[in-house]
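Okay, so here's the structure we're looking at.
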Amino acid sequence: MKIISHSVKDTLRIGRRIARHLKGGEIICLHGELGAGKTVLVKGIAEGLGIKADAVMSPTFILIRVHTSGKFPLYHADLYRLRHIQEVMDLGYEEYLYGKGITVIEWADRLGNLLPTQYFKIELMHRGNSQRALCFSACGHAYERILSDLKGKLMKNKR
């Protein structure tokens, strides 16, 4: 499924909509170049979980930020700076991927063969100054449910 976000406000709204379909334990893998809107989308997801968006910042230099003030813990990882699988393993990534919270991973391709077999994938791409294309796909049965639930909701609001 592909939709276009026309602004930061749209991307935040899409994130909030995604959060409504999360039940805890989900893994969301974000892909996209620098400035594509990955962290903005995470802010929207956080808002949808009851976490203040201004508390969400890119964890590029910290690698993982944990937000516990919402409906579920939100584990926000940014693997941009990591170059080797061992660096991911040193983070104790299993604790975040397989916990009861929601795990959102920017630059998820850096997980290599540690990428879980089941996750919700979102690719973000530039489409002009303020527009972004978001492509959603499900890897695993549980994530097919989320994709199906979202399809009607997001497509209905498509411009």
Out of all the residues in segment 77-127, which are closer than 19 Å to SER137 by Cα and in contact with a Ser or Thr (Cβ under 6 Å, 6 or more places away or on another chain)?
LEU97, LYS121
Residue within segment 77-84 that is open to solvent by less than 20 Å² (accessible area, probe 1.4 Å), within 22 Å of LEU114 (Cβ to Cβ) and among the small types (Gly, Ala, Ser) present:
yes
So, in segment 97-106, exactly how many residues are modelled with pLDDT of 90 or more and either assigned to a strand (DSSP E or B) or open to solvent by 10 Å² or more (accessible area, probe 1.4 Å) (or both)?
5
Result of the Cβ filter at 8 Å on segment 10-27, keeping first residues that are under 19 Å from ALA142 (Cα atoms) and assigned to a loop (DSSP other than H, G, I, E, B) and partners that are open to solvent by less than 30 Å² (accessible area, probe 1.4 Å) and of a type in the set (Gly, Ala, Ser), at least 6 apart or interchain, is GLY24/GLY101; GLY25/GLY99; GLY25/GLY101
The correct count of residues that are at pLDDT 75 or above, closer than 26 Å to ARG16 by Cβ and not in a strand (DSSP E or B) in segment 74-96 is 2
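The values are calculated or read from the model by the stated rules, or taken from the named source; none is laboratory data. Since the model is a prediction, treat every value here as computed from it, not as a measurement. Here the Cβ is made from the backbone with ideal geometry for all residues, glycine too, and neighbour counts use every protein chain on show. For the accessible areas, the whole protein counts, side chains as well, though only heavy atoms, and no ligand, DNA or RNA atoms are used. Shrake-Rupley method; radii C 1.70, N 1.55, O 1.52, S 1.80 Å.
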